1. Exactly one of these conditions fails for LYS514: (1) over 16 Å from ILE359 (Cβ atoms); (2) surrounded by fewer than 20 Cβ atoms within 10 Å (Cβ to Cβ); (3) modelled with pLDDT of 80 or more; (4) in contact with a Leu (Cβ under 9 Å, 6 or more places away or on another chain). Give me its number.
2. Is there a residue in segment 251-271 that is open to solvent by 60 Å² or more (accessible area, probe 1.4 Å), among the basic types (Lys, Arg) and at pLDDT 90 or above?
3. Being closer than 20 Å to GLY50 by Cα and out of contact with any Phe, Trp or Tyr (no Cβ under 9 Å at 6 or more places or on another chain) narrows it down to one of GLN197, GLN171, GLN234, GLN180, so name that one.
4. Only one residue in MET81, MET62 is touching a residue at least 24 places away in the same chain (Cβ under 8 Å) and farther than 23 Å from HIS39 by Cβ. Which one?
5. Restricting to segment 33-68, what's the tally of residues that are touching a helix residue (DSSP H, G or I) at 6+ places or on another chain (Cβ under 9 Å), outside any strand (DSSP E or B), farther than 24 Å from ILE178 by Cα and more than 8 Å from the ligand (Cβ to nearest atom)?
6. So GLY235 ticks every box in (1) assigned by TED's automatic domain parsing to the domain that holds GLU200; (2) modelled with pLDDT under 90; (3) assigned to a helix (DSSP H, G or I) but one. Which box is left unticked?
7. Would you confirm, using the coordinates I've provided, whether ASP17 is within 13 Å of the ligand (Cβ to nearest atom) and open to solvent by 10 Å² or more (accessible area, probe 1.4 Å)?
8. Of the residues in segment 127-140, how many are modelled with pLDDT of 90 or more and loosely packed, with under 13 Cβ neighbours inside 10 Å?
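The values are calculated or read from the model by the stated rules, or taken from the named source; none is laboratory data. All figures in this text were calculated on a predicted structure; none of them were measured in a lab. Using ideal geometry, Cβ is built from the backbone for each residue, glycine included, and neighbour counts are taken over all protein chains shown. These accessible areas exclude ligands, DNA and RNA; they are computed on the full protein's heavy atoms, side chains included. Shrake-Rupley method; radii C 1.70, N 1.55, O 1.52, S 1.80 Å.
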Amino acid sequence: MAYVALYRKYRPRRFADMVGQEHITRVLKRQIETGQTAHAYLFCGARGTGKTSAAKILARAMNCLNPVDGEPCGTCAVCAMGDEALSTDILEIDAASNNGVDEIRDLRDKINFAPTVCRYKVYIIDEVHMLSTGAFNALLKTLEEPPAHAKFILATTEAGKIPATILSRCQRFDFKRIPQPLIEGYLKTVLDDLGVQYEERAVAAIAAAAEGGMRDALSILDQCVALGGELRYQGVVETIGTLDQSAMDRLVEDLRDGRVDRALAQVEEAYLAGKDLSLVLRDLMSAFCSRMTTAAEKKQPLEFYLRAIDLLSQGETAMRFSQRPRTALLAAIARIALVSRDDSVDGLVARVARLEDMIHRGWTVSASDQTDEPLWTEKAPSDAPEVPFGDPPVDAPPWDQEPPLPSDLPPWEEKEPARAVQEKKPALREEAKPVSSGQASRPEPSSGKESDRYQRFLELIRSRSVPAYHTLRFGTLMDDRENSVIIEFDKKGHVMAQALRIPSNAKIVEEALKEVYGPEAKISYVDAPEGAGEELPPLVEKAKSAFGADVIITD
Ligand SMILES: [Zn+2]
């Protein structure tokens, strides 16, 4: 017997077999039951979501002699006939094909002839948005005054291209993309039916790649099953031609942390391995998209992800029209990795967002985590004006200060704590610079010299967390009598006060506070009066003039 593609073999024959479109099948079944079907339907939705299948079932249900619960019965004389035998009464027209216009003209000529075996002549017109203006006009004439025996089911992926005159004469149904779990469930049913063993994540990978279309899911499955044997994740990834999950995660991390060389090398490697670069881009975009969704749920900054998706969209367009799509993708990748050095307004917003993201992620390092190399070089005694975080000299760009990676470390090693610490350093320097420079000129504490107790308190914190210590040093001690420590932060230091409130820092501060000032002691961070800070550094001024101060430092 000839090979039948899976999506044909498993095409639903009843509304109940359709997956993920219950909001539509429920209404259609009700119409069949009550005999109140419309003259013309418009089925809209993404490819492979079941529009044509629903149209075929509806056409058969309308003509079934004894419909059962709104479904074709499957046993009556009409239901028993094959598609071929019914083809004079249930006509399928592909508007995207060359002879689409001819078929519409033909339709007009023959529509008045009564159906030969069925009650209704049903015209299923696929990709109806592809019709020419002339063909639309011809169709409109028949839709305006259809004979009682004629029914139309128009299907389209682009409802926006259908003339309003046609739309207004149709009952419209919007097909949803099918949720991934439903596709997975259906694929497993098919695999069980075929007697093929499978890995769960292999099925999940197919469902994800299908992007809500069951037909695509079954087509991919078809190719994968053709390999023979058990359905394995690795085989699926190779068939689809994209990166596997761990490679994709690595690429996203590299981009987020600005490791441009590694990100480019990964894409180059994928290209040499024969991966489909447009799929790599698509998957990368959905990876950023899902991280953005997670960040939104956690009320974390989104700007970096937005910027990355933006740059990938531009890259996608460039790839489509470029003779060298690989170059276009590499350029987009480099731009994302370099967002941290991007001085455009969008870039500045993304950079501020990354700084906030780092604070949210809690960039404290406990004393025991420290390597032999000091994390941040202190250039001055703690009570003298200091440059926090060991800012590089102004004449050297911050990225020139980046320490070399330890040479004995393989580039794919992700979990090594010492390197994680080192990698944060350049980013922190660079990101923290706008809010930290100018720190030396902060006003003297109103209570004069810092008390010995406060000095001890600071030293204790420094011994436990150098970053927490430096963060606290952004503030000015206003008062520490009565076991109540009040520290003031000016506008520039506001974000540092935020950093001190994240749980890991707050715990260190609280513990040191109780040890030095006693168990009842309280600490509060207050904002300096308006205008207390010095003029803002140029980078922040630039962003401020574009957005207003609220955008620069948000809660
Ligand atoms: Zn029937």
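1. (4)
2. no
3. Exactly one of GLN197, GLN171, GLN234, GLN180 is closer than 20 Å to GLY50 by Cα and out of contact with any Phe, Trp or Tyr (no Cβ under 9 Å at 6 or more places or on another chain), namely GLN180.
4. Selected residue: MET81, the only one of MET81, MET62 that is touching a residue at least 24 places away in the same chain (Cβ under 8 Å) and farther than 23 Å from HIS39 by Cβ.
5. 5
6. Unmet condition: (2).
7. no
8. 0
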